[in-house]
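This report concerns only the one structure given below.
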Amino acid sequence: MALELGVLLSGRGSNLAAILDAIQEGTLDATVKVVASNKSTAAGLARATERGIPTVFIDPKLFAQEEHPREAYDVAVGNVLKEHRVECVALAGYMRIVTPALIRMFPSQMVNIHPSLLPAFPGLDAQRQVLEWGAKVSGCSVHFVTEGVDEGPIICQKAVVIAEGDTVETLSARILEHEHQLYPRALQLLAQKRLQIEGRIVRVLP
Ligand code: GRF
């Protein structure tokens with residue numbers, strides 16, 4: 001049965017588009033049930049609407065008065081995803097740190113894509129960090145989401161060589177092309193139930 005996906009994003013949504021393209025091309029056995037965002041203006045929401053996918057904007061400001069605003073927000077996000085019958089959550093440029101309140105609603109069923117070869121350069125602005133460090137190789141990683149930012153078990157990675165004269169823009173664009181291949185591929189492994197987590201290690205079953 002097709003993997004029932006929910007996508008969380010905050011920005012332009014090119015990875016969402018790549019996921020939808022892979023579904024359309026038949027290389028990813030999934031359906032995107034809903035796309036949710038913490039930003040009403042996220043271009044990714046408009047992309048989803050264009051392609052007939054339900055979207056939800058969940059305003060973080062509505063939770064500011066709660067005793068634990070981040071957790072309360074995440075429970076609301078989790079409930080929206082559950083209402084749409086989502087089984088697996090893909091973070092695609094989602095600019096919020098997810099709390100355990102949300103992670104535990106989707107145990108071993110929440111993944112993220114990050115534009116570096118983890119565990120190197122986690123967090124914001126990875127491509128800038130890479131260039132400022134003087135690394136010669138970077139890439140992208142798809143990993144399960146755990147409490148530590150960009151720390152979860154790695155599903156797959158793609159290396160990208162840094163060229164002389166690369167800028168944040170040129171490197172980001174080159175990495176992004178690989179992200180668009182890697183993310184649907186990782187999700188297809190999930191759809192096929194071929195990923196087995198053993199501690200930090202993700203085994204890909206034949
Ligand atoms: C990607 O570089 C992804 O790795 C990072 O955020 C960016 C999202 O891009 N987590 P897009 O919104 O999918 O175009």
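The values are calculated or read from the model by the stated rules, or taken from the named source; none is laboratory data. As the structure is a computational prediction, the values presented were derived from the model and not from experiment. When we count neighbours, we look across all protein chains shown, and the Cβ atoms used for this are built from the backbone with ideal geometry, even at glycine. Surface areas here come from the heavy atoms of the whole protein model, side chains and all, with no ligands, DNA or RNA. Shrake-Rupley method; radii C 1.70, N 1.55, O 1.52, S 1.80 Å.
In whole Hz, what ³J(HN,Hα) sequence does the stretch 98-111 give by Karplus (6.51, -1.76, 1.60; θ = phi - 60°), x for Gly and Pro?
Each residue's phi maps through the Karplus curve to give 7, 8, x, 4, 8, 4, 6, 6, 9, x, 6, 10, 9, 10 Hz.
Where in the chain are the helices, taken as whole DSSP H runs, whose Cα atoms extend 15 angstrom or more along the long axis and whose Kyte-Doolittle mean reaches at least -0.5?
14-25, 69-83, 168-191
Hey, got the dipole for the stretch 15-120? About the Cα centre, +1 on K and R Cβ, -1 on D and E Cβ, debye to the nearest 20?
The dipole of the stretch 15-120 has a size of about 100 debye.
Could you work out the local net charge near Cys156, counting Lys and Arg as +1, Asp and Glu as -1, over the other residues with Cβ closer than 13 Å to its Cβ?
Within the 13 Å Cβ shell, the charges total +3.
Compute the signed sum of charges (Lys and Arg +1, Asp and Glu -1) over the other residues within less than 14 Å, Cβ to Cβ, of Asn112. Walk me through the intermediate numbers first.
Numbers: positive: Arg96; negative: Glu147, Asp150, Glu151, Glu179.
Value of the local net charge: -3.
On the full set of protein chains, 1.4 Å probe, figure out the accessible area of Tyr73 and give it in Å² to the nearest 10.
The accessible area comes out at roughly 0 Å².
Once the other residues with Cβ under 15 Å from the Cβ of Leu102 are scored (Lys, Arg +1; Asp, Glu -1), what is the net sum?
Local net charge: -2.
Once neighbouring chains are kept in place and the probe is 1.4 Å, which whole percent of the accessible area of the chain is contributed by carbon and sulfur?
Ligands and nucleic acids excluded, carbon and sulfur reach 53 percent.
Give the accessible surface of the chain per residue, rounded to a whole number of Å², with probe radius 1.4 Å and ligands, DNA and RNA excluded.
51
For the stretch 1-32 and the stretch 85-110, what is the separation of their Cα centres, given in Å?
About 15 Å separates the Cα centre of the stretch 1-32 from the one of the stretch 85-110.
Pull up the DSSP beta bridges for the chain and report the antiparallel fraction as a percent, rounded to 5.
That works out to approximately 45 percent antiparallel.
Can you give the direction-averaged projected area of the convex hull of the alpha-carbon atoms in the stretch 79-206, in nm²?
Details: hull surface 32.4 nm².
Averaged projected area of the stretch 79-206's Cα convex hull equals 8.1 nm².
I need the trypsin sites (Lys or Arg not before Pro) found in the stretch 57-165, filtered to DSSP loop residues with at most 10 other beta carbons within 10 Å of theirs.
Answer by residue number: Lys136.
With the Cα gyration tensor of the stretch 1-108 in hand, give its eigenvalues times 5 under a square root as the equivalent ellipsoid semi-axes, listed largest first in whole angstrom.
Ellipsoid half-lengths, sorted descending, are 24, 16, 10 Å.
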